[in-house]
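In what follows, a single structure is set out as structure tokens and then discussed.
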Amino acid sequence: MQKLAILVTRLSSWVLSKMGRGGSMPGRLGIKIAPDCLNHLKFGGPVILVTGTNGKTSTANMVSDLMEEAGYKVVTNRKGDNLRVGITSTLLSHCSLSGRVKADAAVLEVDELNMKYIVPALPVTAIVVNNFFRDQLDRAGEMERIIDTIESVLPDYQGDLILNGNDPNVVRLAMAAPNARKIYFGAAKNASTVEHSAEAAEGKFCPKCGSRLEYDFYQYSHIGQFHCSSCDFATPKLDVCPDEIDLDAHTFRYDGHVYPMASDGLYSLYNCAAVLAAARSAGVDPKLAEKVFARAERPAGRNERFEKAGRDCILNLVKNPTGANEVMKVIEKDPAKKTIVIVLNDNAQDGRDISWIYDTVFEKLMDDSTEEIICTGTRAWDMALRIYYGGFTGKIRPEESMEAAVHEALQAPHVYAVATYTALLPTRNTIVKEMGL
Amino acid sequence: MRVCWMYHDIMDLYGDKGNMLVLSKRCKDRGIPFELDTCGIGEEKDLSSYDLLFFGGGADKEQLSLIPDLLSRKENIAKAIDEKTFVLLICGGYQMFGKYYVAADGSKIECLGFYDYRTETGAEGSRCIGNIVIDAQLDDLHTKMVGFENHGGQTVGVDHPLGKVLYGCGNSFDAGWEGFYDGKVLGTYLHGPLLPKNPKIADFVITKALQKKDPGFQMSDLQPLDDTLENSAREALFKRFEIEGDK
């Protein structure tokens, strides 16, 4: 059955690719034919998994580039198809009929809830965990459950566990993995480090004893240097800790060498630190990452700027309070007069529950430089209510049609557009069309 | 109006803080002084001195840490209710006023026991998750309430439900009924948060709270506000679920 599963998956992937398509259908067929098809694959080198709430795709892509830079032939699910079926599609369409994966290394982005299938099935050599935040709570129940499912596959795991040492919910995984070698990454204090934070929703209590956690400093959200007020749970000694972080010049130093940051913001720096820790784990020269960071593609809708004839529009994706708060900070820093359009959808991939907009500090947008906030998307009215109850005194305009909302917004010379996951591409397309780009 | 938000740093899941924004703005816009206080574990507070106590929902594990403190305040909370402090409970807070709740890991947590209802856990970790609309009756106020529910807990034995479920689950899978209301305490699973899209409920809560000091105060004594945004948000969802709106 294994051979048949591989054959069918490869064939259907090939057909789809000829049609210019990809997707999870081939993997779904493969699993149907041989449910344990992943278990019998043979790998000739490192198998690196990347998981966590924010930054999985960027990090996995950079780790993959790094391994290629180091001379490995890499198989990877670059398009971010990170569920079991997607990963099965990727691997089975890149292996021989005998089940040998035709690559020297595998780098796989894995959805948090799918780790329980992937870790026991593959000869995993390293797991990178970026962070855990409230995200799509209605899909997963609570963050606690996500962490529990990952912990459940760690007791037998013997590879490297590459953990964000500044996230207490990530550090706790180490306790569930007695046989793993732990490598911790983090970041040193810098210009945006603060001593107190009101945003740290997930880092209040010690996962070991339940007492209150105390922070020496916060980087953003609950990411920072922490210790338990009554037991020994604390930020561990960091194996990879970039310092001399310059957020304006987009550079940082690690092990005496200066690197460019892959993108704006401290959360991007943590992705870079994760990549450097993965280099250390795989025995690859970290300096190779310099090129990787410098040419890292800025994904669509991450501070993406559109400009024409003295007008500009900056587009950002928001998908949970933590990411959204970082976007709010960037907009808040801009003192120029602006119009803001927010596209809030509540489709499955956005999260059906939109209560996260109340955990996001939209108040940061509410100063004199914001002239108008236009709210649209499938939850246009909810978004408008959030802005209204946030106390915004400028003009609030609800508009059910996204196209009309973007059109209205772009009458202003300086616009910020903020969109949830399923709204991102339609909004981007509308901006491009409206601006005549 | 003096409000105490109980365990605000623990019981603030799913944007429950939005409820406080709404109460604050709807009071201030009418010139009603509004004061929001909080009470954490170990803090000495006389809860009977407030007009309104608010409990939100919390994550299972974190919620557990406040139970001993909560139980130590049982007499004080009973006194507050006796002395007409109104109580608004969402999700976890709602469960804690019953006999017990069973956590996701199966352990049974003794609660305040003010009411006979109790909360079992969903079979095999199943949860009631999704948009919800109920037809609620609160004293003389008859209105639809709209929100989002996300709970594993299955609350049974509720003798005074808040309303009839028109869309969604309610107190448990296929319960048909949602929440609890007995004139003194309002408990519900509705997040969303609850109050932004339910302005009448917000005004009802404000009225109940003001009645502590002014027993004759009526909802009709509240200065009307422009609820165009609120009503449009409600109508958009009623339309989506093919439910007839409030008239």
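A short reminder: the numbers here are calculations on the coordinates, not readings from a lab. Predicted model, so just to flag it, every value in this text is computed and none were measured. All Cβ positions, even for glycine, are placed from backbone atoms using ideal geometry, and neighbour counts span all protein chains on display.
Taking θ as phi - 60° and the Karplus parameters 6.51, -1.76 and 1.60, the scalar couplings of region A:411-421 work out to 5, 8, x, 9, 10, 10, 10, 10, 9, 7, 3 Hz in sequence order, x denoting glycine and proline.
Quick check on chain B: helices-only [θ] at 222 nm, where DSSP H runs of length 4 and up contribute -39,500 (n - 2.57) each and the sum goes over total residues. Nearest 500, please. It comes out at -7000 deg cm²/dmol, rounded to the nearest 500.
What separates the Cα centres of region A:1-58 and region B:123-197 is a distance of 43 Å. Dipole check for region A:42-295: with +1 at the C-beta of Lys and Arg, -1 at the C-beta of Asp and Glu, and the Cα centre as origin, the magnitude is about 860 Debye.
With contacts defined as alpha carbon pairs under 8 Å and 6 or more residues apart, what's the relative contact order of chain B in percent? List each step's numbers first, then the result.
Details: 504 pairs, mean separation 46.1, N = 247.
It comes to 19 percent, rounded to a whole number.
Please report the net charge: other residues with Cβ closer than 12 Å to the Cβ of A:Val74, K and R +1, D and E -1. Around A:Val74, the charge tally is -1. Normalised by residue count, region A:105-246 yields a Cα convex hull volume of 125 Å³ per residue.
Against chain A, whose longest principal axis comes from its Cα atoms, helix A:266-282 is set at around 10 degrees. To the nearest 10 degrees, how steeply does helix A:56-69 sit against the main Cα axis of chain A, on a 0 to 90 scale? With rounding to tens, the tilt is 50 degrees.
Would you look at the GNM of chain B, springs on alpha carbons closer than 10 Å, and say which of B:Ala104, B:Ala123, B:Ala233 moves the most? With Cα springs under 10 Å in chain B, the top fluctuation among B:Ala104, B:Ala123, B:Ala233 is at B:Ala123. Rounded to the nearest 10 degrees, the inclination of helix A:321-332 to the longest alpha-carbon principal axis of chain A is 40 degrees.
Using the Cβ atoms and a cut-off under 15 Å, what net charge is assigned to the surroundings of A:Lys189, where Lys and Arg are +1 and Asp and Glu are -1? The partial results should precede the final answer.
On the way: positive: A:Arg253; negative: A:Glu195, A:Asp216, A:Asp243, A:Glu244, A:Asp246.
Neighbourhood net charge equals -4.
Close amide H contacts of B:Thr38 (hydrogens built in the peptide plane, cut-off under 5 Å, sequence separation of 5 or more or a different chain): B:Trp5.
Starting from the Cα gyration tensor of chain B, take the square roots of the eigenvalues, sort them a ≥ b ≥ c, and report rounded, prolate or oblate (rounded when a/c is under 1.5, otherwise prolate if a/b is larger than b/c, else oblate). Mind showing how you got there, number by number?
Values: a/c = 1.68, a/b = 1.08, b/c = 1.56.
Note, shape of chain B comes out oblate.
Just the number, please: percent antiparallel of the DSSP beta bridges in region A:304-435, rounded to the nearest 5. Counting only bridges with both partners in region A:304-435, antiparallel ones make up about 20 percent. The amide H of B:Leu141, built 1.01 Å from its N in the peptide plane, has no neighbour under 5 Å, considering only residues 5 or more places off or on other chains.
Calculated FRET efficiency, B:Lys28 to A:Glu290, Cβ-Cβ distance, R0 = 60 Å: about 0.65 to the nearest 0.05. Panel values: the protein assembly as shown, Kirkwood radius from alpha carbon pairs, Stokes-Einstein at 20 °C and 1.002 mPa s, translational diffusion coefficient 80 µm²/s.
Cysteine residues of chain A whose C-beta has no other cysteine C-beta under 4.7 angstrom: A:Cys37, A:Cys95, A:Cys241, A:Cys272, A:Cys313, A:Cys375.
How big is the charge dipole of the protein assembly as shown about its Cα centre, in debye rounded to the nearest 20, if each Lys and Arg gets +1 on its Cβ and each Asp and Glu gets -1 on its Cβ?
Values: 77 positive and 94 negative charges, 460 e Å.
Value, rounded to 20: 2200 debye.
Whole-Hz Karplus values for region A:426-437 come out as x, 5, 4, 4, 5, 4, 4, 5, 4, 8, x, 8 Hz, taken residue by residue from phi with 6.51 cos²θ - 1.76 cosθ + 1.60 and θ = phi - 60°; glycine and proline positions read x.
Across peptide B:54-66, the average count of Cβ atoms from other chains found within 10 Å of a residue's Cβ is 3. Decide, for region A:304-435, between rounded, prolate and oblate: order the square roots of the alpha carbon gyration tensor eigenvalues as a ≥ b ≥ c, take rounded if a/c falls under 1.5, and otherwise choose prolate if a/b is larger than b/c, else oblate. It is rounded, given that a/c, with a ≥ b ≥ c, falls under 1.5.
The distance separating the Cα centre of region A:256-333 from that of region A:398-412 comes to 28 Å.
Over region A:1-130, what relative contact order in percent results from Cα pairs under 8 Å that are six or more residues apart? Let's see the in-between values first.
Values: 243 pairs, mean separation 49.0, N = 130.
It rounds to 38 percent for region A:1-130.
Using a/c under 1.5 as the rounded threshold, could you call region B:33-150 rounded, prolate or oblate? The axes a ≥ b ≥ c are square roots of the C-alpha gyration tensor eigenvalues, and prolate needs a/b larger than b/c, oblate otherwise. Write out the running numbers ahead of the final one.
On the way: a/c = 1.80, a/b = 1.13, b/c = 1.60.
Here region B:33-150 falls in the oblate category.
Taking the square roots of five times each eigenvalue of the Cα gyration tensor of region A:42-295, the equivalent ellipsoid has semi-axes of 28, 22, 15 Å, listed largest first.
Look at the alpha carbon pairs under 8 Å that are at least 6 residues apart: their mean separation over the length of chain A gives a relative contact order of 12 percent. Backbone geometry of region B:220-235 corresponds, through the Karplus equation with coefficients 6.51, -1.76 and 1.60 at θ = phi - 60°, to 3J(HN,Hα) couplings of 5, 7, 6, 4, x, 10, 7, 9, 4, 4, 4, 5, 5, 4, 5, 4 Hz, x marking Gly and Pro.
So what's the back-of-envelope 222 nm ellipticity for chain A, counting only DSSP H runs of four-plus at -39500 (n - 2.57) apiece and dividing by all residues, rounded to 500?
Numbers: 14 runs with 142 residues, N = 437.
Theoretical 222 nm ellipticity from helices: -9500 deg cm²/dmol.
Spatial offset of region B:46-80 relative to region A:142-199 amounts to 32 Å, using the alpha carbon center of each. Amide H contacts of A:Ile183 (H built 1.01 Å from N, in plane; Pro and chain starts excluded): A:Leu161, A:Ile162, A:Leu163 sit under 5 Å, all sequence-distant by 5 or more or on other chains. With the dipole of the protein assembly as shown worked out from charges on the C-beta (+1 for Lys and Arg, -1 for Asp and Glu) around the Cα centre, which of B:Leu52, A:Pro26, B:His8 lies farthest toward the positive end? Positive-end residue among those listed: A:Pro26. In vacuo Debye scattering of region A:255-332, one point per C-alpha: log10 I(q)/I(0) at q = 0.22, 0.24 Å⁻¹? Here the Debye-derived log intensity ratios amount to -1.04, -1.13.
Beta-bridge orientation, the protein assembly as shown: approximately 45 percent antiparallel, per DSSP, counting only bridges with both partners inside.
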